[in-house]
Amino acid sequence: MVESTFECSHATIGDQARACGDYLVLGVVPDEEVIMAKGPPVMNEDERLCTVEAVRWVDEVMPGVPYEITEEFMTELFEKHKIDFIVHGDDPCLLPDGTDAYAAAKRVNRFVTIKRTEGVSSTDIVGRMLMCTRASSCTSPNVSEQKTQLRTFSQGLEALEEGGDEATSVSHFLPTSRRFVQFSSGKKPAPGDKIVYLDGAFDMFHAGHVEILKQAKSLGDFLLVGIHRDEVVTAHRGPHQPILGLHERSLSVLACKYADEVIIGAPFVVTKDLLITFNINLVVHGTCGEKNFRSKEEGDPYAVPKDLGLFQTVESPRLLTTGDIIKRVVDNRTAYEARNEKKNKSQANYYEQKSFVEEL
């Protein structure tokens with residue numbers, strides 16, 4: 001069993017957790033417990049449950065689990081649910097008083113530590129959103145500042161807050177070829193399969209993305225997802241996006257059971273060559289999306305599949321966007337900055353004591 005608050009960054013631990021046994025149960029902590037232990041969650045409980053249920057390695061979801069693994073809860077897990085081990089990443093999971101939330105499970109040797117995905121955590125991602133919204137220019141496109149933001153994120157450097165000396169951490173994600181192989185479904189279209197194509201930024205992978213992927217997959221046999229490059233997303237949405245880099249966004253989509261394959265760095269315009277190369281039978285686009293600053297000057301990116309009768313607009317089942325999530329953080333900025341300051345101390349302690357953990 002994996003117990004988690006589960007926000008978008010945690011999808012990457014699923015493959016290792018599943019490797020610990022034959023059946024993976026993922027417990028999701030309710031909002032009220034997350035707030036007491038860590039501060040406000042970026043995504044609410046319903047959205048987190050929706051995302052968890054779509055993770056390809058998860059066999060069962062258990063809502064309403066406590067943040068602290070108590071003796072009483074362990075008894076319920078081991079006896080009623082027949083759980084053998086409780087699993088968590090090698091990063092700290094502390095209670096408000098600073099003690100280990102998993103201490104009880106560790107005492108009875110029913111705890112397994114797995115290697116966390118380096119450079120990806122909800123604290124880090126919230127920090128990126130806070131950093132990117134500090135400058136008022138983030139609300140409108142500016143070529144110079146877009147390039148600066150993009151360079152900062154792609155190189156994993158530290159950005160200085162305007163007018164100050166305080167560094168704000170940004171992406172330190174370390175993708176490897178093996179990681180992408182682990183996340184890939186390994187599936188290819190069978191002869192005669194109807195191949196559906198859906199493209200986008202898929203930034204801050206959330207319940208809205210899950211729902212539209214599920215909808216698209218239902219229209220065919222094989223779902224191919226195009227992930228736009230960072231600079232393309234920045235050019236169309238402004239310098240505050242993407243929050244996650246191309247590799248992070250690609251792995252998030254690959255972790256979803258509805259996506260069969262992704263094109264990493266897909267073109268913004270769907271061309272005839274793209275349709276032929278991947279034998280695409282249907283191009284799908286949802287009705288809910290971000291504001292596009294360049295739509296008028298560039299024209300319709302779906303003009304070709306529309307002319308060929310291969311395009312379909314589908315009603316987005318859930319009206320949620322990356323911009324909505326960023327707005328939540330900005331509107332509740334004080335609470336999130338307090339949350340990050342507290343967690344950054346435990347993160348610093350984690351890195352000081354960090355040792356190698358064998359990946360499963």
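Tabulated data for the structure shown
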{"read-out": "Net lengthening on full extension, K115/S185 (0.36 nm per residue, minus Cα-Cα)", "value": "23.1 nm"}
{"read-out": "Over 23 Å (Cα to Cα) - which of K187/K217; K194/K257; K187/K291 fall in this group", "value": "K187/K291"}
{"read-out": "Residue-wise HN-Hα coupling along segment 241-251, computed from phi with Karplus coefficients 6.51, -1.76, 1.60 (Hz; x: Gly, Pro)", "value": "10, x, 6, 9, x, 4, 5, 5, 5, 5, 5"}
{"read-out": "For peptides 242-250, 193-201, sequence by mean Cβ density within 10 Å, most packed first", "value": "242-250, 193-201"}
{"read-out": "Set of segment 21-63 residues, backbone N closer than 19 Å to the point 7 Å along the Cα-Cβ line of D90", "value": "21"}
{"read-out": "Estimated D of segment 260-337 in µm² per second, where Rh is the Kirkwood radius over Cα pairs and Stokes-Einstein applies at 10 °C, 1.306 mPa s", "value": "104"}
{"read-out": "Cβ crowding within 10 Å averaged over residues, with 22-31, 221-230 ranked highest first", "value": "221-230, 22-31"}
{"read-out": "Value of relative contact order over segment 186-281, rounded to a whole percent, pairs C-alpha under 8 Å and six or more apart", "value": "35"}
{"read-out": "Packing rank of 71-80, 88-97, 207-216, 256-265, where each peptide gets the mean count of other beta carbons within 10 Å, highest leading", "value": "207-216, 256-265, 88-97, 71-80"}
{"read-out": "Environment charge at L198 (Cβ cut-off 13 Å; Lys +1, Arg +1, Asp -1, Glu -1)", "value": "-2"}
{"read-out": "Residue-level accessible surface for R18, protein heavy atoms, 1.4 Å, Å²", "value": "70"}
{"read-out": "Residues with amide H under 5 Å from that of L24, placed H, sequence gap 5 or more", "value": "D59, E60"}
{"read-out": "Efficiency of FRET from Cβ geometry, C20 and K194, R₀ 35 Å, rounded to 0.05", "value": "0.45"}
{"read-out": "Per-pair calculated FRET efficiency, R0 = 56 Å: E53 and E297 via Cβ, rounded to 0.05", "value": "0.90"}
{"read-out": "Separation in nanometres of the label points that stand 7 Å from Cα toward Cβ, at K80 and C288", "value": "3.3"}
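The values are calculated or read from the model by the stated rules, or taken from the named source; none is laboratory data. As the structure is a computational prediction, the values presented were derived from the model and not from experiment. In this analysis, Cβ positions are derived from the backbone assuming ideal geometry, glycine residues included, and neighbour counts consider all displayed protein chains. We work out accessible area using only protein heavy atoms, side chains counted, and drop any ligands, DNA or RNA first. Shrake-Rupley method; radii C 1.70, N 1.55, O 1.52, S 1.80 Å.
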